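Heads up: the structure comes next, in structure tokens.
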Amino acid sequence: MQEPIIRFDKVNMWFGNDFHVLRDIDLCVAPGERIVICGPSGSGKSTLLRCINRLEEHQEGHLYVDGVELTDDLKAIDDVRKKVGMVFQQFNLFPHLTVLENLTLSPMWVGKLPKKEAEARALAQLERVRIAEQAGKYPLQLSGGQQQRVAIARALCLTPKIMLFDEPTSALDPEMIKEVLDVMVELANQGMTMLCVTHEMGFAKAVADQVIFMDQGQIVEQNTPTEFFTNPRSERSKDFLSKILGH
Amino acid sequence: MNATTFEPVAARPAPVRTAGAAGWIRTNLFGDWKTGLMTLLAGGALLYVLPQVFGWAVLRAVWLPDYNACRVEGVGACWGVVAEKYRFIIFGRYPYEEQWRPLVATVLMLCLLAASCTRAFWRPWLVLIWVAILAAFFALMYGNVFGLSRIETDRWGGLPLTILLASLSITLAFPIAVAVALGRRSGLPAIRAFCTIYVELIRGVPLISVLFMASFMFPLFMPEGFSIDVLIRVLAGITLFAAAYLAEVIRGGLQAIPKGQLEAAATLGLSYWQTQIKIVLPQALAMVVPSIMNNFIGLFKDTSLVTIVSLYELTGALSLAINSDANWRPFKLEGYLFIAMIYFTFCFLMSRYSLWIEKQVNKGKAR
């Protein structure tokens with residue numbers, strides 16, 4: 001098998017002293033693999049995702065991203081963050097900067113690209129998410145779906161190897177979900193390694209190589225989408241699926 | 001079966017005219033009987049008070065610098081006191097025949113301040129202009145160069161001193177305040193503790209006592225023969241005092257930045273300082289512009305307290321001018337009204353400027 005690009009090895013994490021949020025997580029993600037993580041709220045799925053670029057710190061076990069182990073070593077963290085793009089539920093665009101400035105910020109200040117090149121790269125990414133005409137506007141002048149696409153473009157400007165999506169469509173009005181999912185499907189088809197926490201089961205069926213179901217900090221089931229949706233192995237998966245697909 | 005006939009609803013009357021002067025008066029002053037009553041009462045009071053004020057301040061006022069004319073029964077304001085003493089009020093104890101120097105220095109300083117408030121000057125070279133103009137200011141005021149006679153800082157006074165203290169303490173307090181506000185949220189316990197102690201200590205004492213310490217106590221701790229000019233010590237005192245208050249205002253803005261902004265900056269690989277400078281501070285400061293300007297205006301007027309350590313800025317120069325002359329002593333009120341007008345002019349400009357700044361920083365929020 002190919003060398004995994006992300007490897008969780010018995011990762012444990014606690015919030016405070018008594019909330020065991022991740023329990024013995026073992027997970028390997030191959031380059032180019034698309035993974036959807038689902039589960040009830042509070043099951044630790046966002047935390048798992050956020051460990052990958054060290055927004056959360058795991059206390060036990062080992063976590064490797066593209067050959068670098070995540071520890072307290074700040075240089076390792078910087079290294080990993082350059083390779084991992086992240087998209088948040090609340091977009092987290094910088095409201096005081098224009099769309100273009102949001103996109104060029106990191107390439108110019110972290111990547112040390114000249115302004116011209118950074119802007120060219122930013123426009124190319126905006127083109128990719130089909131929103132180039134909004135480059136001069138401020139984020140709050142855009143709709144939710146447009147803002148989330150800008151956020152995806154901003155993450156892509158890092159030229160990442162891995163993209164993390166933390167419930168990217170949960171804060172959107174229903175009619176805007178599709179425009180964001182379309183961009184994500186396109187990205188998946190171009191071979192990006194993706195981990196996505198989402199309740200969009202249609203998206204999971206369409207692009208995921210694997211579905212991971214989490215509950216109470218554990219990975220309860222890891223399966224192909226076809227198997228997971230038609231023939232879930234565990235009782236808890238069945239229960240969860242009946243709740244979200246039941247109407 | 002009943003035939004229903006169509007009966008049109010009666011047309012509504014045309015809306016009450018609200019445009020034009022008459023319309024404005026009707027809606028705003030006589031909207032209903034309560035508003036009308038209040039309008040009549042307030043209008044009556046104004047009609048009673050305004051003529052009296054006008055009569056005192058203008059019609060019956062004495063404009064000539066003649067104190068005997070001011071003592072005639074039934075005369076109004078004695079503006080003669082300003083006509084007689086304005087040089088002393090504005091320039092304090094600075095030698096009379098050299099007062100063109102503080103005049104030029106003050107005009108230079110005001111030009112510098114006006115330029116600094118203008119977008120076209122927000123460039124790195126503005127710092128150089130500041131350095132040049134401040135050097136010119138001190139050269140003019142202190143002298144001892146270019147054949148100018150030497151004037152010690154204890155002779156400086158009036159408006160130049162007020163403007164120097166206010167503009168320098170504002171300019172210096174701001175970066176200190178930003179640093180302290182960031183320090184109070186630092187991850188390093190030593191820095192956090194230092195900043196917290198600084199803020200609590202300074203906020204816990206009145207400005208007057210800080211000035212006393214800067215002026216009288218500080219020299220006691222210095223080695224023999226070593227001294228720092230009292231003006232500098234007082235300036236440092238005011239600056240540190242103002243910075244403590246300002247730091248808390250800015251910290252309020254920092255608290256209001258959503259955590260998501262920091263997380264987004266982290267995932268983009270920005271360092272701590274890049275995050276603060278590019279993401280956090282621009283948003284945090286924009287949020288607290290009104291409070292910051294509030295502090296600046298307060299600070300501008302607080303400079304009048306340096307009188308108690310024998311630096312005669314505008315307020316101090318006024319009381320010195322009037323108290324030293326028994327003939328004019330009864331007309332203090334007019335003198336105070338005069339400097340009140342000067343203070344008001346500056347503070348009002350600052351307040352208007354703050355509104356403009358607010359508009360500039362809120363551009364991203366306009367839909």
(request) Give me the percent of the accessible area of the range B:1-73 that comes from carbon and sulfur atoms, probe 1.4 Å, all protein chains in place. (result) 68 percent
(request) Run the numbers on the range B:318-367: which residues show a drop of 30 Å² or more in accessible area, chain on its own versus all protein chains together, using a 1.4 Å probe over heavy atoms? (result) B:Gly364, B:Arg367
(message) Can you compute the charge dipole magnitude of the range B:33-175 about its Cα centre, using +1 on each Lys and Arg Cβ and -1 on each Asp and Glu Cβ, nothing else charged? Give it in debye, rounded to the nearest 20.
(response) 360 debye
(request) Would you kindly enumerate the cysteines in chain B that have no other Cys beta-carbon under 4.7 Å from their beta-carbon? (result) B:Cys111, B:Cys117, B:Cys195, B:Cys347
(request) Give the accessible surface of the range A:68-200 per residue, rounded to a whole number of Å², with probe radius 1.4 Å and ligands, DNA and RNA excluded. (result) 41 Å²
(request) Using a Förster distance of 60 angstrom, determine the FRET efficiency expected from the C-beta separation of B:Leu40 and B:Ile277, and round it to 0.05. (result) 0.55
(request) Filter the trypsin sites (Lys or Arg not before Pro) in the range B:63-128 to those in DSSP coil with at most 14 other Cβ atoms within 10 Å of their Cβ, and list the result. (result) B:Arg71
(message) Quick check on chain B: helices-only [θ] at 222 nm, where DSSP H runs of length 4 and up contribute -39,500 (n - 2.57) each and the sum goes over total residues. Nearest 500, please.
(response) -20000 deg cm²/dmol
(message) Give me the summed buried accessible area for the B-A pair, 1.4 Å probe, to the nearest 100 Å².
(response) 2000 Å²
(message) Using only the alpha-carbon atoms, how far is helix A:99-109 inclined from the longest principal axis of chain A? Give it as 0 to 90 degrees, nearest 10.
(response) 80 degrees
(message) Over the range B:1-61, with the other protein chains present, what is the accessible area per residue in square angstrom, probe 1.4 angstrom?
(response) 94 Å²
(request) Name the residues of the range B:264-280, by number, that are at least 20 Å² less accessible with every protein chain in place than in the isolated chain; the surface is that of heavy atoms, probe 1.4 Å, without ligands or nucleic acids. (result) B:Ala264, B:Ala266, B:Thr267, B:Leu268, B:Gly269, B:Leu270, B:Gln274, B:Lys278, B:Ile279
(message) Per q in 0.07, 0.09, 0.11, 0.15 Å⁻¹, report the Debye log10 I(q)/I(0) for chain B, using one uniform scatterer on each alpha carbon and no solvent.
(response) -0.49, -0.74, -0.98, -1.34
(request) Just report the Cα centroid separation between the range A:130-192 and the range B:161-203, whole Å. (result) 41 Å
(request) With 23 Å as the limit, write out which pairs from B:Lys278/B:Lys301; A:Lys45/A:Lys238; A:Lys112/B:Lys278; A:Lys137/B:Lys278; A:Lys115/A:Lys178 have Cα-Cα distances beyond it, or answer none. (result) B:Lys278/B:Lys301; A:Lys115/A:Lys178
(message) Nearest 500 deg cm²/dmol is fine: what mean residue ellipticity at 222 nm does chain A get from its DSSP H runs of n ≥ 4 alone, each adding -39,500 (n - 2.57), divided by its residue count?
(response) -11500 deg cm²/dmol
(request) Give the angle, between 0 and 90 degrees and rounded to the nearest 10, that separates the Cα long axis of helix A:235-245 from the longest principal axis of the Cα atoms of chain A. (result) 40 degrees
(request) Note down the magnitude of the dipole of chain A about its Cα centre, charges +1 on Lys and Arg C-beta and -1 on Asp and Glu C-beta and zero elsewhere, to the nearest 20 debye. (result) 600 debye
(request) Kindly tabulate the residues in the range A:57-105 with an accessible-area decrease of at least 20 Å² between the chain alone and the assembly of all protein chains, using a probe of 1.4 Å. (result) A:Arg81, A:Phe88, A:Asn92, A:Phe94, A:Pro95, A:His96, A:Leu105
(request) Report, in debye and to the nearest 20, how large the dipole of the protein assembly as shown comes out about its Cα centre when Lys and Arg carry +1 and Asp and Glu carry -1 on their Cβ. (result) 1660 debye
(request) May I ask for the longest run of chain B untouched by chymotrypsin sites (Phe, Trp or Tyr not before Pro) that are loop-located per DSSP and have at most 15 neighbouring C-beta atoms (other than their own) within 10 Å? (result) B:227-367
(request) For the range A:73-151, build the charge dipole from Cβ charges (+1 Lys, Arg; -1 Asp, Glu) around the Cα centre, then report which of A:Met86, A:Trp109, A:Gln125 sits farthest towards its positive end. (result) A:Gln125
(message) Give the residue list of GluC sites (Glu not before Pro) in the range B:137-238 that are DSSP loop and have at most 13 other beta-carbon atoms within 10 angstrom.
(response) B:Glu152, B:Glu224
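Given a 1.4 angstrom probe, what's the average accessible area per residue across the range B:182-222, in square angstrom?
Dividing the accessible area of the range B:182-222 by its residue count gives 63 Å².
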(message) Just to confirm a number: summing +1 for Lys and Arg and -1 for Asp and Glu over residues other than A:Glu69 whose beta-carbon lies under 15 angstrom from that of A:Glu69, what do you get?
(response) -3
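The values are calculated or read from the model by the stated rules, or taken from the named source; none is laboratory data. Here the structure is a predicted model, which means the values were calculated and not measured. Cβ sites come from the backbone with ideal geometry, for glycine too, and all protein chains shown count toward neighbours. We work out accessible area using only protein heavy atoms, side chains counted, and drop any ligands, DNA or RNA first. Shrake-Rupley method; radii C 1.70, N 1.55, O 1.52, S 1.80 Å.
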